[in-house]
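> Supplied in structure tokens, the structure appears directly below.
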Amino acid sequence: MEQKGKILWIDDEIELLRPHILLLQQSGYDVETATNGEDGIELVRQKHFDLVFLDESMVGLSGLDVLPFLKEIDPSTPIIMATKNEAESVMEEAIGSKIDDYLTKPLNPAQIIAACKKFLDSRRLRSSKLAQEYLKGFNEIARRLFEPLEWKDWVDIYQKLVSWSMELDRNPELGFDQTLRDQWRECNSEFCKFVETNYKRWLKTDKDDSLPLTSPEIVRQYLFPLLKSGKPTVFFVIDCMRLDQWLIMEEHLRQYYYFEKDFYSAILPTATPYARNAIFAGLYPSEIQSNYPQYWVNVSNTEEHKANAYEEQLMLEQLSRKKIKLNSTLNYIKIHETDFGRKIEKDISNLSKSHLTTIVINAVDMIAHSRSDFAILKEIAPDESAYRSLTNSWFQHSSLFGMLKALAEMDVNIVITTDHGSIRCMRGVKVLGDRDTSTNLRYKFGKNVKAEQRHAMHIKDPLEFKLPSIGLTINNIIAKEDYYFVYPTDFNQYLQKYKDSFQHGGISMEEMIVPVIKLIRK
């Protein structure tokens, strides 16, 4: 019979419990006994038990006396107290001493078996159920990849993959990590084909419901209806936030808010200068360049963060074009360092009284890039699961969390979104270009820039993709899946340097399918 777990039963009337102990042994549990608290403590010092039954009323040391010793020796072992005393004070003391459960004497077999299943079998049974559900879900996604898919189908597939990734974080013993990674890669390969075939249709103004909203449409769709009510509205744009990272934040916010979640497609390239400017302007990059040349910065010859220097002005222009009148001055805030974030957190109650406050949070993007630059961060977050854990640690102590907790006490509208996500780049490919070619790892603009078609989408006419025209001889390529571009010079050095780094700018579900969320306070 399969060994289900080791149980220690401490009771000074152990002989009266022999039928229960025999039942546990016949059910596959290994049971040891002790007739007093001192012997029970010594047994726990000598070996590990998966569960302890502890009598509350014993000669000598009582169960409540023994409990703190057991918890000090092995805090992870569940302890169930058996008691004849139903006094509330006894139960409160037991619970306060971190007891895991209690049973009332006289005990019956059903109680005991149920308690064992709760603490010893539940994880095994849950794992077995999860394994069945995962294999069913895996086969369903594999089948769907052979069918014609629309945007909403890809959103559904992406959500399922993210959900399973986070479930495996909590249940690593399932052993499906490699299977899931392979399915992620297969799905991203098909998603890239889907984007190449359909992307230009998404940019048209006369789109139907089967096509996704894109970056320039987000403010109009989700923010303007709220502004028309006149109620104070706070709009957060968290740079480079993926769905899995938002879901981690959502777990901490559930006690404060309900959520209305939707998805849109980040424009290409999925990079801050293009996608975030498009959100604030309500225009595609080529339209910004054409209509507001004073606010368009040539990305190919400037530092990336400087290309978003005019977001406030672009938002004001969008409000003006759409005839949205604010009843107070627009608050535009960009948080890129901790002390400033704390200052805004302290002042959020005053800021949130304005008709519209927009707050850009750069921390998530900084986590992604810092992981590439600092070996210690890559060691702390070596894979997707640990990267999510790093996001979790940051958010719990962030000014963003503080602001959202404070806003939960106020009567304001809150919308949260991002400009794009990021992908863990695992495969480097050679790219050819001259010295003026842009330096980004996931997209390149330059003269005669080239990469293999299977690794990159080639854009011959930027205006077809509503991208700014830099020059007649400039080529544009955008990386697919988890590829990243490396020049032939010192190829192996840079191949290793950037392998396993989180990047953005290319075509993948993680970068393009991004959430927009309305928070409703409880």
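> Can you find a residue that is within 30 Å of Lys228 (Cβ to Cβ), in contact with a helix residue (DSSP H, G or I) (Cβ under 8 Å, 6 or more places away or on another chain) and assigned to a strand (DSSP E or B) anywhere in the stretch 334-352?
Yes, some residue in the stretch 334-352 is within 30 Å of Lys228 (Cβ to Cβ), in contact with a helix residue (DSSP H, G or I) (Cβ under 8 Å, 6 or more places away or on another chain) and assigned to a strand (DSSP E or B).
> Has the stretch 468-481 got any residue that is under 23 Å from Phe191 (Cα atoms) and of a type in the set (Ser, Thr, Tyr)?
Taking every residue of the stretch 468-481 in turn, none turns out to be under 23 Å from Phe191 (Cα atoms) and of a type in the set (Ser, Thr, Tyr).
> State yes or no: is Thr358 at pLDDT 85 or above, under 30 Å from Pro232 (Cα atoms) and under 13 Å from the mean Cα position of the chain (by Cα)?
Spelling it out, it is not the case that Thr358 is at pLDDT 85 or above, under 30 Å from Pro232 (Cα atoms) and under 13 Å from the mean Cα position of the chain (by Cα).
> Just give me the residues in the stretch 1-48 being touching a Phe, Trp or Tyr at 6+ places or on another chain (Cβ under 6 Å) and in a helix (DSSP H, G or I), in sequence order.
Ile41
> When both residues are 6+ apart or on different chains and their Cβ atoms are under 7 Å apart, which pairs have a first residue that lies in the stretch 266-279 and is touching a residue at least 12 places away in the same chain (Cβ under 8 Å), and a second that is among the β-branched types (Val, Ile, Thr) and assigned to a helix (DSSP H, G or I)?
Sorted first by the residue in the stretch 266-279, then by its partner, the pairs are Pro273/Val299; Asn277/Ile288; Ile279/Ile218; Ile279/Val219.
> Related question: Which condition breaks for Lys460 when tested against (1) within 26 Å of Glu190 (Cα to Cα); (2) surrounded by fewer than 21 Cβ atoms within 10 Å (Cβ to Cβ); (3) within 31 Å of the chain's Cα centre (by Cα)?
Of the numbered conditions (1) within 26 Å of Glu190 (Cα to Cα); (2) surrounded by fewer than 21 Cβ atoms within 10 Å (Cβ to Cβ); (3) within 31 Å of the chain's Cα centre (by Cα), the odd one out for Lys460 is (3).
> Of the residues Leu404, Leu441, which is outside the structural domain of His355 (by TED's automatic domain parsing), touching a residue at least 24 places away in the same chain (Cβ under 8 Å) and not polar (S, T, N, Q)?
Leu441
> Also, quick follow-up: Hey, could you check the stretch 108-134 for residues that are under 23 Å from the mean Cα position of the chain (by Cα) and among the hydroxyl-bearing types (Ser, Thr, Tyr) and say which is surrounded by the fewest Cβ atoms within 10 Å (Cβ to Cβ)?
Ser127
> If you check Glu196 against the conditions, is it surrounded by fewer than 21 Cβ atoms within 10 Å (Cβ to Cβ), in contact (Cβ under 8 Å) with a residue 40 or more places away in the chain and in contact with a Phe, Trp or Tyr (Cβ under 8 Å, 6 or more places away or on another chain)?
So Glu196 does not fit the description; no.
> Of (1) modelled with pLDDT under 95; (2) surrounded by 19 or more Cβ atoms within 10 Å (Cβ to Cβ); (3) closer than 21 Å to Ala266 by Cβ, His305 satisfies all except one. Which?
Among (1) modelled with pLDDT under 95; (2) surrounded by 19 or more Cβ atoms within 10 Å (Cβ to Cβ); (3) closer than 21 Å to Ala266 by Cβ, His305 violates only (2).
> Tally the residues that are within 25 Å of Lys261 (Cα to Cα) and free of Cβ contacts under 8 Å to residues at least 60 places away in the same chain, restricting the search to the stretch 158-179.
Total satisfying the criteria: 5.
> Also, quick follow-up: Scan the stretch 135-157 and give yes if some residue there is part of a helix (DSSP H, G or I), surrounded by 12 or more Cβ atoms within 10 Å (Cβ to Cβ) and at pLDDT below 85, otherwise no.
No; the residues of the stretch 135-157 include none that is part of a helix (DSSP H, G or I), surrounded by 12 or more Cβ atoms within 10 Å (Cβ to Cβ) and at pLDDT below 85.
> Grab the strands (runs of 3 or more DSSP E) fully contained in the stretch 469-522, keeping just those with 1 or more residues being closer than 30 Å to Thr233 by Cβ and in the same structural domain as Asp262 (by TED's automatic domain parsing).
Filter on the stretch 469-522 gives 513-521.
> Can you pull out every residue in the stretch 119-153 that is of a type in the set (Phe, Trp, Tyr) and touching a Pro at 6+ places or on another chain (Cβ under 9 Å)?
Hits for the stretch 119-153 are Phe119, Trp151.
> Turning to a different aspect of this structure: Taking the stretch 218-245, which residues are under 17 Å from the mean Cα position of the chain (by Cα) and part of a helix (DSSP H, G or I)?
Listed by number, the residues that qualify are Leu243, Asp244, Gln245.
> Scanning the stretch 9-45 for residues that are farther than 16 Å from Asp65 by Cα and either acidic (Asp, Glu) or outside the structural domain of Asp55 (by TED's automatic domain parsing) (or both), which turns out surrounded by the fewest Cβ atoms within 10 Å (Cβ to Cβ)?
Glu15
> A follow-up question, please. Out of (1) out of contact with any Phe, Trp or Tyr (no Cβ under 8 Å at 6 or more places or on another chain); (2) under 25 Å from Phe340 (Cβ atoms); (3) not aliphatic (A, V, I, L, M), what's the single condition that is false for Phe395?
Phe395 satisfies all of (1) out of contact with any Phe, Trp or Tyr (no Cβ under 8 Å at 6 or more places or on another chain); (2) under 25 Å from Phe340 (Cβ atoms); (3) not aliphatic (A, V, I, L, M) except (1).
> Being within 25 Å of the chain's Cα centre (by Cα) and either β-branched (Val, Ile, Thr) or at pLDDT 95 or above (or both) is the filter here, so list the residues in the stretch 480-503 that pass it.
Lys480, Glu481, Asp482, Tyr483
The values are calculated or read from the model by the stated rules, or taken from the named source; none is laboratory data. Fair warning: this is a prediction, and the values are worked out from it, not measured in the lab. For neighbour counting, all protein chains shown are included, and Cβ atoms are generated from backbone atoms with ideal geometry for every residue, glycine included.
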